[in-house]
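No lab work stands behind these numbers, since they all come straight from the coordinates. This structure is a prediction, so every number in the text was calculated from the model and none was measured. Methodologically, a virtual Cβ is constructed for each residue, glycine included, from the backbone with ideal geometry; neighbour enumeration extends over all protein chains shown.
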Amino acid sequence: MNLFEPIINSLDNAIRRSNLKDSFIDNFIHDLQRYMIRQNLDYDYSKLPKNTIFEIDYIEDGFASCLDTSQKHSEKYHIPSELLDESALKADYIQFDSTKYTAVPNPYKNLN
């Protein structure tokens, strides 16, 4: 992991919750994240959490940028598209089903 990756991910999470979402700054942060991913292509994807539900932020350049819904200040994960089931490509939430990440219902839908 790059030394700056947690800082960039934290900044992205803050922007995501602000009125800067989809702005030039937000796009720049996403470009920076994608650049860092490409620099670290030897990442061991077997270390991705298998028992958690991820919220998909966006899918681009062969990766799904996802947030771990079980963490208050969520760590961002970049899941390669080859690990996504076809159902996950249009989903908001995904979870590992022993072979791929597949679409799951919104875990927050019935909390109100």
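The figures follow:
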| item | result |
| --- | --- |
| Label-to-label distance, nm, for residues given as L89 and N51 (7 Å Cα→Cβ offset) | 3.1 nm |
| Placed amide H near F63: partners under 5 Å, 5+ positions off or other chain | S81 |
| Histogram of C-alpha separations across region 48-89, 10 Å bin width, % | 30, 59, 11 |
